[in-house]
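**Student:** The structure that follows is given in the form of structure tokens.
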Amino acid sequence: MSLRIAASFVLLALLGLPPAFAQKKITCPGGEVRLQVDVEELAIKYEGWTLSGTLSSLSVLGTRLGIDQKTLQQAAAATQQWNELLKGLATGYNSCVITREQYAQGLERIYPRLKEDGADLEKIRQLLAQGQKAEEKNLKALLDSYSANLRRFAELGGQDRLLDRIEAIVEREVAKGTGQIADGQERILQELSDLKHSLADRPLARPEEVKDEILATLHKKALAADDAYTKAYELYDRARFTEAIPYFERALAAVKDHQLYLGLGNSLLELERWDRAESVFREALALAKEEQEILHEAESSRVLGSIALRRGDLDEALASTRHALDLYQKQNVENAASAETFSLLGQILQDKGDPDAALEAIRNAIRSGERSLGPDHLSIAYYASSLSKSLLARGDFDGARLAAERSLRIFDAKLGPDNHESAKALGNLGAILYTKGDLEGALTASRRALGIEEKIFGPDHPRVAERSSNIGMILLRIGNLDGALESVQRALKIDETTAGLESPLVATRASNLGQIYLERGVPDTALSFLQRALRIDEKLNGPDHPKVALRSNYIAMVLREKGDLPGALAAAQKAVRIDERKFGTEHLNVARDDQTLASILRDQGDLDGALLAARHALSVDETTSGLEHPNIARDCDTLASIQLARGDADGALKTAQRALQVGEKTLGPDRPAVARYAWHAGLILAKTGNPAGAKALLDRALKTLETTYGATHPLTLKVGQDLKALR
């Protein structure tokens with residue numbers, strides 16, 4: 001090999017490029033020839049997930065230390081944008097904006113420093129996670145070094161604007177509260193995502209474009225207004241909204257123009273200064289009407305509708321939003337703004353209690369967005385997510401699943417498979433599949449979401465806790481009681497550490513553990529956890545909140561299992577009373593409560609009251625969830641036991657067989673719940689003189705329970721005893 005060829009290979013290695021002779025060549029001004037850098041290959045070689053996980057976990061655990069939270073939160077959020085920083089460096093090299101030396105400096109000097117600092121920070125994170133103390137002075141020095149190197153790397157690739165945006169978000173969030181960001185990295189990530197979305201949805205005209213408009217409107221003040229707008233635009237684009245506002249106001253003092261109002265109003269919205277923003281957009285609306293600028297009038301009306309929605313004035317919100325849509329339609333305009341207006345209309349109608357009209361509005365948002373933006377635009381993903389939630393609330397599980405899957409596909413394609421929005425979409429999909437009864441699908445989606453969030457936020461983050469808890473409840477329904485217990489206990493430990501012992505998250509985890517222990521046949525432990533959840537919810541939400549009703553319903557189930565029927569009845573009636581007052585009598589929460597109440601009344605011998613409650617539960621669930629849903633199987637199982645107690649063995653058998661058929665179809669034949677339905681149906685068959693059929697069903701139930709719960713579980717033993725008695 002010649003010295004020239006050898007030197008070329010050394011240079012390629014320095015630049016992070018593979019020595020592939022087929023790579024595209026780039027000729028820079030001045031004649032320098034470069035080989036094009038492949039961004040995807042570069043991202044694989046210089047990954048940032050380990051850094052991201054460490055910094056995100058520290059941002060949660062570090063709240064116990066006396067260090068500057070802004071620096072920690074900024075470093076964590078910036079590291080989560082590592083691929084964007086790396087892409088900027090590669091783009092700068094491929095476009096000849098940066099030199100070979102600058103490119104090499106980023107990869108061979110700064111990146112190793114980041115990795116070294118990250119390794120030291122990981123050691124500190126591990127100490128904190130184990131409850132040990134860490135040297136704050138050392139942590140501060142490491143953070144300062146890490147942040148400086150990250151800033152230098154961003155500057156080399158021309159991505160310092162991204163870091164400026166993150167810093168602005170962190171400063172703004174800290175300024176709102178007591179010096180700390182309530183939701184940590186999730187809040188920052190969501191703010192950054194929302195910022196990108198809002199800047200794209202509400203783009204400002206370029207300064208040179210506004211210059212012509214100002215000159216045409218008022219020649220004498222055009223230069224002053226242009227200069228002020230240019231400065232405001234630059235600050236706005238860097239998320240420096242507070243600093244941008246005076247320049248927007250200065251420009252408006254010279255020229256009354258819609259783009260200037262838009263910039264000022266949007267800045268105020270980003271700062272959540274709602275009253276001042278409303279005043280600005282009302283001035284903009286008046287100007288647009290005066291000058292007969294129809295599209296500007298529509299834009300101002302839409303924003304005023306969103307502000308009215310936020311303050312709870314649904315009638316004004318509806319009027320403003322519909323006015324905006326009328327103007328767009330009269331002008332035959334279909335663009336991102338009109339699609340966003342349809343989406344806003346859907347939110348308003350949903351809050352006004354008109355789900356049919358809300359659903360149609362969301363579908364119009366999707367249709368409008370598809371025609372103006374394309375079927376795979378990010379905005380379509382957000383609209384599809386809203387559609388899935390609306391369809392789920394209506395009981396259209398298949399439609400909800402399809403919409404959620406579409407949302408996920410777009411997020412994966414546009415943002416990569418391991419991003420925050422995809423994780424949320426997977427969580428939404430998991431919830432839909434769980435409600436539908438597709439437990440394996442729900443488990444797969446939820447586990448993928450957990451994997452993404454562990455990468456982004458680290459292992460000790462509240463988002464990881466929520467996902468782990470959801471997985472635990474899926475495993476409970478599958479029958480994996482050990483896995484369910486382990487997952488929810490992990491969630492409880494994280495939430496107790498990060499949110500405190502009396503937080504609503506801890507109440508939810510304690511309630512979930514209560515359900516698991518009840519299913520494990522340990523009612524005393526179940527009751528202890530459920531009572532803890534109830535105490536927290538009553539303290540935080542008051543005695544008449546739906547969460548209090550939910551906890552009371554579970555407590556009623558446990559007390560019934562323990563044989564305390566008066567206590568169970570009081571708890572069940574409390575749940576019914578709260579939910580009926582909140583939702584009316586025909587709500588799925590009331591159906592759940594009535595089903596529990598029916599079982600207790602049956603055990604007390606009040607068969608008429610039990611029959612009335614059970615039939616009402618079934619009727620509501622059939623209306624809200626359809627004829628083939630896991631809730632239908634549950635309701636039929638309870639109703640069959642009441643019919644049998646009343647002496648209607650034939651009716652009981654028919655209802656029990658329906659419970660078994662629906663359970664098999666929606667949950668699968670080998671689930672613990674279906675084993676219960678088979679057991680109960682078998683006992684009814686025995687009463688009707690069909691011992692062979694009864695033995696077959698009980699034998700099937702026993703095998704399922706032995707496989708899922710084990711041979712020593714109380715329910716397994718009970719079914720075994722009944723089967724032995726038949727033989």
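A short reminder: the numbers here are calculations on the coordinates, not readings from a lab. The structure displayed is predicted, hence computed values, not measured ones. Virtual Cβ from ideal backbone geometry, glycine too; neighbours counted across all protein chains shown.
**Student:** Express in nm, to one decimal, how much length is gained between Glu155 and Ala224 on full extension, taking 0.36 nm for each residue of separation and deducting their alpha carbon distance.
**Tutor:** Length difference between fully extended and current span is 21.7 nm.
**Student:** Rounded, prolate or oblate: pick one for segment 389-436, where a ≥ b ≥ c are the square roots of the eigenvalues of its C-alpha gyration tensor, a/c under 1.5 means rounded, and failing that, prolate if a/b is larger than b/c, else oblate.
**Tutor:** Prolate shape, in that a/c is at least 1.5 and a/b is the bigger ratio.
**Student:** Is segment 379-458 rounded, prolate or oblate when judged by the Cα gyration tensor, a ≥ b ≥ c being the square roots of its eigenvalues, rounded requiring a/c under 1.5 and prolate requiring a/b larger than b/c?
**Tutor:** oblate
**Student:** Suppose every Lys and Arg Cβ carries +1 and every Asp and Glu Cβ carries -1, with no other charges. What dipole size does segment 379-458 come out with about its Cα centre, to the nearest 20 debye?
**Tutor:** 160 debye
**Student:** Report, in whole Å, the centroid distance computed from the Cα atoms of segment 661-727 and segment 416-472.
**Tutor:** Here the answer is 33 Å between Cα centres.
**Student:** Sticking with this one: Run the simple label-point estimate for Ala43 and Asp396 please: 7 Å along Cα→C-beta, distance reported in nm.
**Tutor:** In this crude spin-label approximation the distance works out to 3.4 nm.
**Student:** Also, quick follow-up: Working from Cα positions, state the angle (0 to 90°, nearest 10) between the long axis of helix 714-726 and the longest principal axis of the chain.
**Tutor:** Roughly 30 degrees between the two axes.
**Student:** Roughly how many debye, to the nearest 20, is the charge dipole of the chain about its Cα centre, given +1 on each Lys and Arg Cβ, -1 on each Asp and Glu Cβ, and no other charges?
**Tutor:** Dipole size: approximately 1680 debye.
**Student:** Within the set Lys87/Lys137; Lys123/Lys455; Lys45/Lys123; Lys289/Lys414; Lys123/Lys176, which residue pairs have Cα atoms separated by over 28 Å?
**Tutor:** From Lys87/Lys137; Lys123/Lys455; Lys45/Lys123; Lys289/Lys414; Lys123/Lys176, over 28 Å: Lys87/Lys137; Lys289/Lys414; Lys123/Lys176.
**Student:** Would you work out which of Ala403, Ile366, Leu387 lies farthest towards the positive end of the dipole of segment 350-461? Charges go on Cβ: Lys and Arg +1, Asp and Glu -1.
**Tutor:** Projecting each Cα onto the dipole axis, the largest value belongs to Ile366.
**Student:** If you count, for each residue, the other Cβ atoms within 10 Å and average over each peptide, how do 595-604, 149-158 line up from highest to lowest?
**Tutor:** Ranking the peptides 595-604, 149-158 by packing returns 595-604, 149-158.
**Student:** A further question follows. Does segment 626-727 classify as rounded, prolate or oblate by the C-alpha gyration tensor (a ≥ b ≥ c root eigenvalues; a/c under 1.5 gives rounded; else a/b over b/c gives prolate, otherwise oblate)?
**Tutor:** In terms of gyration-tensor shape, oblate.
**Student:** If I take every Cα pair under 8 Å that is 6 or more residues apart in segment 654-715, average their sequence separation and divide by the length, what percent do I get for the relative contact order?
**Tutor:** Relative contact order of segment 654-715: 29 percent.
**Student:** Tell me, Met557, Met473 in order of fewest to most beta-carbon neighbours within 10 Å?
**Tutor:** With the fewest neighbours first, Met557, Met473 line up as Met473, Met557.
**Student:** To continue, here is another question. Just rank Ser145, Ser267, fewest to most, by other beta-carbon atoms within 10 angstrom.
**Tutor:** So the ranking, lowest neighbour count to highest, is Ser145, Ser267.
**Student:** Please give the helix 588-604 orientation as an angle from the longest Cα principal axis of the chain, in degrees from 0 to 90, rounded to the nearest 10.
**Tutor:** The angle comes out at about 20 degrees.
**Student:** Separate question: For every helix of n ≥ 4 consecutive DSSP H residues, a contribution of -39,500 (n - 2.57) applies; sum these over the chain, divide by its total residues, and give [θ] at 222 nm rounded to the nearest 500 deg cm²/dmol.
**Tutor:** Mean residue ellipticity at 222 nm (helix-derived): -26000 deg cm²/dmol.
**Student:** Something else about it: 5 Å is the cut-off here: which amide hydrogens, built 1.01 Å from N in the peptide plane, fall below it relative to Ile26, excluding neighbours closer than 5 in sequence?
**Tutor:** Arg34, Leu35, Gln36
**Student:** So, one more: Measure nothing but the geometry: give the 0 to 90° angle between the long axis through the Cα atoms of 258-270 and the longest principal axis through the Cα atoms of the chain, rounded to 10°.
**Tutor:** Its long axis makes an angle of about 50 degrees.
**Student:** Which FRET efficiency value, to the nearest 0.05, do you get for Leu373 and Ala725 by plugging their Cβ-Cβ distance into 1/(1 + (r/R0)^6) with R0 = 51 Å?
**Tutor:** That gives a FRET efficiency of 0.15.
**Student:** Something else about it: Sorted from fewest to most neighbouring beta carbons within 10 Å, what does the list Lys330, Lys140 look like?
**Tutor:** Lys330, Lys140
**Student:** For Lys231, list the lysines whose Cα falls under 18 Å from its own Cα; do not include residues on the same chain fewer than 8 positions away.
**Tutor:** Counting by Cα, and skipping residues close in sequence, Lys231 has these lysines nearby: Lys211, Lys221, Lys256.
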